[in-house]
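Since the structure comes first, as structure tokens, the remarks are kept for the end.
The values are calculated or read from the model by the stated rules, or taken from the named source; none is laboratory data. Since we're looking at a predicted model, the values are computed, not measured. Note that we place each Cβ from the backbone using ideal geometry, even for glycine, and neighbour counts take in every protein chain shown.
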Amino acid sequence: MSLTKMLTRSAVSAQTQDTLENVARLMKTENVGAVVITERTRPVGIVTDRDLAIAVCTGGYNPDDEVQGVMTCPVETIKGDEGVYNATQKMMDLAVRRLPVVNYMGDLIGLVSLDDLLLLLSRELHQLAEGIHAETKAAPIA
């Protein structure tokens, strides 16, 4: 299954010059733990709720500072036509929990998270188990 087919909502994004406070408010409003930072429509960074907490509480940043000082940059992305396996492998290789998904032009079209992949995997395993259960019930005893 391609990532584009499994995306259920678009990524929440902000601009490099947005303040930490504005990004935190966006996270709260949209109920997300990460915001993709874009220039025009292309991802240039990512910031998580953890990044914000550490920056403000122990990193000497103020809520009025720009997010570009806190974001992880550059950000790794994955193309929407790639599959779940590639996304999982890339996350493991990079030791990240989220990947911005881009189209063939490099424009942001979504965000895939480890949680998304685990949910999909659990559904697939459940369907497999149901199929096996149906087969074993229908099979005659030899």
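Quick notes on this one:
- Hey, I54 more than 30 Å from E21 (Cα to Cα), of a type in the set (V, I, T) and out of contact with any Gly (no Cβ under 6 Å at 6 or more places or on another chain) or not: no
- So V35, is it in a strand (DSSP E or B), touching a strand residue (DSSP E or B) at 6+ places or on another chain (Cβ under 7 Å) and under 27 Å from R123 (Cα atoms): yes
- Single residue of E66, E124, E135 found to be of a type in the set (D, E), over 17 Å from A11 (Cβ atoms) and surrounded by 15 or more Cβ atoms within 10 Å (Cβ to Cβ): E66
- Some residue of the stretch 112-124 being within 15 Å of the chain's Cα centre (by Cα), at pLDDT 95 or above and of a type outside the set (V, I, T): no
- Those residues of the stretch 61-83 which are out of contact with any strand residue (DSSP E or B) (no Cβ under 8 Å at 6 or more places or on another chain) and either among the hydroxyl-bearing types (S, T, Y) or modelled with pLDDT under 95 (or both), in sequence order: Y61
- Unique match (being on the phi < 0 side of the Ramachandran plot and in contact with a helix residue (DSSP H, G or I) (Cβ under 9 Å, 6 or more places away or on another chain)) among R97, R123: R97
- The stretch 42-63, subset surrounded by 15 or more Cβ atoms within 10 Å (Cβ to Cβ) and within 21 Å of D116 (Cβ to Cβ), residue farthest from the chain's Cα centre (by Cα): D51
- Of the numbered criteria (1) of a type outside the set (K, R); (2) under 17 Å from V12 (Cβ atoms); (3) in contact (Cβ under 8 Å) with a residue 40 or more places away in the chain, the one A87 fails is (2).
- Lone unmet requirement of (1) within 30 Å of E124 (Cβ to Cβ); (2) outside any loop (DSSP other than H, G, I, E, B) for S10: (2)
- Considering D81, D93, D116, the condition of being acidic (D, E), in a helix (DSSP H, G or I) and either in contact (Cβ under 8 Å) with a residue 40 or more places away in the chain or crowded, with 16+ Cβ neighbours inside 10 Å (or both) is satisfied by D116 alone.
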